[in-house]
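The values are calculated or read from the model by the stated rules, or taken from the named source; none is laboratory data. Note that the coordinates shown come from a computational prediction; the quantities given were computed from them, not determined experimentally. Positions of Cβ are generated from backbone atoms using ideal geometry, with glycine treated the same way; all protein chains shown enter the neighbour counts.
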Amino acid sequence: MSDTAPHWSCYVALGDSFSEGLEDPADGGGYRGWADRLAELLATRSPGLSYANLAVRGRLLPQITEQQVPEAIAIGADLVSLVGGGNDVLRPGADPDALGERLEAAVAALRASGADVLMATGVDPVKSPLINLTRGKVATFNSHIWSIARRQQAFVLDLWGMKSLQDRRMWATDRIHMTAEGHRRVALHALDALGVGADEDWASLLPPAPARVRREVVRDDAQWVREYVGPWVGRRLRGRSSGDEVQAKRPAAQPVQPPD
C-alpha cells in the first residue's frame, strides 16, 4: 500500500444487495461482501477504523438517498461508499438521467458533510440474457457517475471495465449477485480506486472454462428463468421487494478487525 494513501476513521457502506454482500457467506451466518472486505483491508492501514453497513437488498436509489444518506451523515462518516441504481435500471421505464440527478444531489450532501465518497459503475451486462436489454441505460447511468465524480471530487470503482467479472464463474446461480471470489476482487479493486493500492491482483482473468454445449446453455437459461426471473417479476407485480423484511446488518459504526 502507498505511504501517501489517505486515512479514514469511519467508513459507512450504503446501497442494495451488492453492498449488503449477498452470495458471499460470512462465518457464523449472514453475508460478508465486498464492502465488509474493503473495511477489513482499510483497517490494516487505519487501525481503529469503525464501520457501518446500511445497505439492504432490493433498495431503490430514492430509498438509498432519502434514508441511508442522512444516516451516514449522522454517524459522522468520513468515507462513504454509495452504490445504487442497479435495481432501478432493471425496471421498465427507468430514466438514467433522473437517476443521475438524484445521485449527484446525494453525493453533494455527503461531500458537504466532509465525507469522501466512493461510487461504482454498473457491470457491463453484455453477456447476460435478458439483463443485457438494459445495457444502454446502464451505460448512460455510468456516464453520469463519471461526470458526478469529476464535479464532486469523488472516487469511482469501475466495474464496467472489470473484465474478470465477465466470467460466469464470478456470479452466483441467480446471475445477479457475485460469488465470494467476485466480492474479493471488487474489494481489492476498490482499494486501488481509493488510491490506497491493493497488495493482491484483482484484474487477471480466470483460466479458460471448459466449453459448454448449447443444450446445457439452453437448459441452464430455462432453469434460471423459472427459479429467479419468474419470482422477481411476481414481486414486481405485487409491489413487493426481497428486502421488505430485512434490516441493515451493521446499522451502527463499530471497530473492524483487519484480516488475518
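At a glance:
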quantity	calculated
Single unsatisfied condition, G195 versus (1) closer than 25 Å to P96 by Cβ; (2) in contact (Cβ under 8 Å) with a residue 12 or more places away in the chain	(1)
One residue from D158, D199 being surrounded by 14 or more Cβ atoms within 10 Å (Cβ to Cβ) and of a type outside the set (S, T, N, Q)	D158
Subset of the stretch 1-25 that is more than 11 Å from Q68 (Cβ to Cβ) and among the polar types (S, T, N, Q) - its residue that is modelled with the lowest pLDDT	S2
Output for the stretch 53-65, where each listed residue is farther than 13 Å from E104 by Cα, surrounded by fewer than 24 Cβ atoms within 10 Å (Cβ to Cβ) and either touching a Cys at 6+ places or on another chain (Cβ under 9 Å) or not hydrophobic (A, V, I, L, M, F, W, C) (or both)	R57, G58, Q63
Number of positions in the stretch 1-40 that are among the aliphatic types (A, V, I, L, M), in contact with a helix residue (DSSP H, G or I) (Cβ under 8 Å, 6 or more places away or on another chain) and either within 18 Å of S241 (Cβ to Cβ) or crowded, with 21+ Cβ neighbours inside 10 Å (or both)	6
Answer residue from the stretch 26-54, given it is over 22 Å from T65 (Cβ atoms) and assigned to a strand (DSSP E or B) and is nearest to the chain's Cα centre (by Cα) among those	Y31
Positions within the stretch 112-140 being under 30 Å from A74 (Cβ atoms), out of contact with any strand residue (DSSP E or B) (no Cβ under 6 Å at 6 or more places or on another chain) and surrounded by 15 or more Cβ atoms within 10 Å (Cβ to Cβ), in sequence order	S113, T121, G122
